[in-house]
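Student: Before anything else, here's the structure in question.
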Ligand code: UT7
């Protein structure tokens, strides 16, 4: 087996819609309150895209920033791996729309459907493309417009989700020891009905019935998903650390999926990482699924909490169920 790291995350760029939906806004239309939402989730507000802002457009803005930060151009891209649970269309992939917007004429482009750990899944694919020699410069994107698949009449899910996009340029490691030290991805499809969109796909194509039953929106058994998330994120932290051959004490920053502050705290506690070394921005974005980790990572970079040599642990859990983790030396 080849020695790691094969690939480094050269940059992170993000795009966040300017529209903000606060807990107070939601309390006016739903039987909920700011107190309940903050206490149970840690969320205070989330960003919501306009009707005109597509996932591909948000991805384009994030990608343009990531390319500039990495000193790369769209023509350098060999592959675009875009993770999303809210694609603009079911056919073709949003990655192909992004390719067209960027003018990335040399890239293969495809979507990954892995829900919230999508960015980690996409990084894993990018690393593999680079390790195999298939690609040299890969654009990894996590982008969502979850507001379009959220049922704003269901208080148990409407309070949770937001929109946004994050992108990274991944390329062969340029400095010895810098890059992706380990990855771990896992799934359990038996639990799909605990968090899913029952209607609107080919199993139950869009119809008047689907729309009337609102089954084209996300449904979630919150408490069950919560328990599974805590267990899976704990396991994923252990696996990524073990595979990287490091201990929790060597981690400079834990960047967990931003779904619920209580899940983040439980994950940090299990991993033995103090909250002072945990990135949290769920209060301002809510759960943005595959965009969640790059949004948090970019903020950590901007604040100087991650810099050259930093060891970062990313971990996420979501619909599928899917979960995953990675250790990166910056
Ligand atoms: O990103 C993918 C992974 N997703 C997640 O990780 C989400 C995981 N789940 C969660 O974060 C939490 O389960 C929720 C935030 C969704 C819910 O919190 P909870 O503490 O698990 O509440 P619950 O579902 O057990 O509901 C407790 C009570 C219920 O009332 P009763 O039955 O006790 O009378 C709900 O009807 O809270 C009620 N409730 C609400 N009350 C006010 C549910 N949603 C709301 C609401 N406002 N928005």
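The values are calculated or read from the model by the stated rules, or taken from the named source; none is laboratory data. Quick caveat, the model's predicted, so the values are computed rather than measured. Ideal geometry is used to build each Cβ from the backbone, glycine not excepted, and the neighbour counts take in all protein chains shown.
Student: From the residues in segment 249-264 that are in contact with a strand residue (DSSP E or B) (Cβ under 8 Å, 6 or more places away or on another chain) and more than 12 Å from the ligand (Cβ to nearest atom), which one is farthest from residue 37 (Cα to Cα)? Steps first, answer last, please.
Tutor: Narrowing segment 249-264 to residues in contact with a strand residue (DSSP E or B) (Cβ under 8 Å, 6 or more places away or on another chain): 250-260, 263-264.
From what's left, more than 12 Å from the ligand (Cβ to nearest atom): 250-255.
Values: 250: 34, 251: 30, 252: 30, 253: 26, 254: 24, 255: 22 Å.
Result: 250.
Student: Among the candidates 229, 221, 244, which residue alone is closer than 22 Å to residue 193 by Cα, crowded, with 18+ Cβ neighbours inside 10 Å and not assigned by TED's automatic domain parsing to the domain that holds residue 116? Outline the logic, then answer.
Tutor: Details: 221 fails: crowded, with 18+ Cβ neighbours inside 10 Å; 244 fails: closer than 22 Å to residue 193 by Cα.
After ruling out the rest, the residue left standing is 229.
Student: Return yes or no: is residue 126 part of a loop (DSSP other than H, G, I, E, B) and either touching a residue at least 12 places away in the same chain (Cβ under 8 Å) or within 19 Å of residue 8 (Cα to Cα) (or both)?
Tutor: Working: part of a loop (DSSP other than H, G, I, E, B): no; either touching a residue at least 12 places away in the same chain (Cβ under 8 Å) or within 19 Å of residue 8 (Cα to Cα) (or both): yes.
Judged against the criteria, residue 126 is not a match.
Student: Right, here's the next one. Cβ-Cβ distance below 7 Å, separation of 6 or more or different chains: which pairs start in segment 32-54 with a residue that is on the phi > 0 side of the Ramachandran plot and at pLDDT 95 or above and end on one that is in a helix (DSSP H, G or I) and surrounded by 14 or more Cβ atoms within 10 Å (Cβ to Cβ)?
Tutor: 42/261; 42/282; 42/283
Student: For residues that are assigned to a helix (DSSP H, G or I) and either surrounded by 21 or more Cβ atoms within 10 Å (Cβ to Cβ) or modelled with pLDDT under 95 (or both), tally how many sit in segment 130-146. Outline the logic, then answer.
Tutor: So in segment 130-146, the residues assigned to a helix (DSSP H, G or I) come out as 130-131, 146.
Among the residues that remain, those that are also either surrounded by 21 or more Cβ atoms within 10 Å (Cβ to Cβ) or modelled with pLDDT under 95 (or both) are: 130, 146.
Of the residues in segment 130-146, 2 are assigned to a helix (DSSP H, G or I) and either surrounded by 21 or more Cβ atoms within 10 Å (Cβ to Cβ) or modelled with pLDDT under 95 (or both).
Student: Here's another thing I want to ask about it. Of the residues 283, 238, which single one is modelled with pLDDT of 95 or more, within 16 Å of the ligand (Cβ to nearest atom), part of a helix (DSSP H, G or I) and not assigned by TED's automatic domain parsing to the domain that holds residue 22?
Tutor: Numbers: 238 fails: within 16 Å of the ligand (Cβ to nearest atom).
Going through 283, 238 in turn, just one is modelled with pLDDT of 95 or more, within 16 Å of the ligand (Cβ to nearest atom), part of a helix (DSSP H, G or I) and not assigned by TED's automatic domain parsing to the domain that holds residue 22: 283.
Student: What's the total number of residues in segment 28-52 that are assigned to a helix (DSSP H, G or I) and farther than 20 Å from residue 264 by Cβ?
Tutor: Restricting attention to segment 28-52, the residues satisfying the condition of being assigned to a helix (DSSP H, G or I) are 28-29, 34-41.
Retained after the next criterion (residues that are farther than 20 Å from residue 264 by Cβ): 28-29.
Qualifying residue count for the region: 2.
Student: Shifting gears a bit: Conditions first: (1) within 15 Å of the ligand (Cβ to nearest atom); (2) within 30 Å of residue 327 (Cβ to Cβ); (3) in contact with a strand residue (DSSP E or B) (Cβ under 6 Å, 6 or more places away or on another chain). Residue 182 passes all but one, so which condition is the exception?
Tutor: All conditions are met except number (1).
Student: How many of the residues making up segment 20-51 are within 11 Å of the ligand (Cβ to nearest atom) and under 26 Å from residue 88 (Cβ atoms)?
Tutor: 2
Student: In this structure, does residue 104 turn out to be buried (at least 24 other Cβ atoms within 10 Å of the Cβ), in a loop (DSSP other than H, G, I, E, B), outside the structural domain of residue 292 (by TED's automatic domain parsing) and more than 16 Å from the ligand (Cβ to nearest atom)?
Tutor: Answer is yes for this residue.
Student: Say we look at segment 3-19 and pick out the residues that are outside any loop (DSSP other than H, G, I, E, B) and touching a residue at least 60 places away in the same chain (Cβ under 8 Å); which of these is nearest to the ligand (Cβ to nearest atom)? Walk me through how you get there before you give the answer.
Tutor: Looking only at segment 3-19, we keep the residues that are outside any loop (DSSP other than H, G, I, E, B), and these are 7-9, 13-15, 19.
Adding the requirement that they be touching a residue at least 60 places away in the same chain (Cβ under 8 Å) leaves 7-9, 13-15.
Values: 7: 26, 8: 27, 9: 22, 13: 22, 14: 18, 15: 20 Å.
Looking at residues that are outside any loop (DSSP other than H, G, I, E, B) and touching a residue at least 60 places away in the same chain (Cβ under 8 Å), I get 14.
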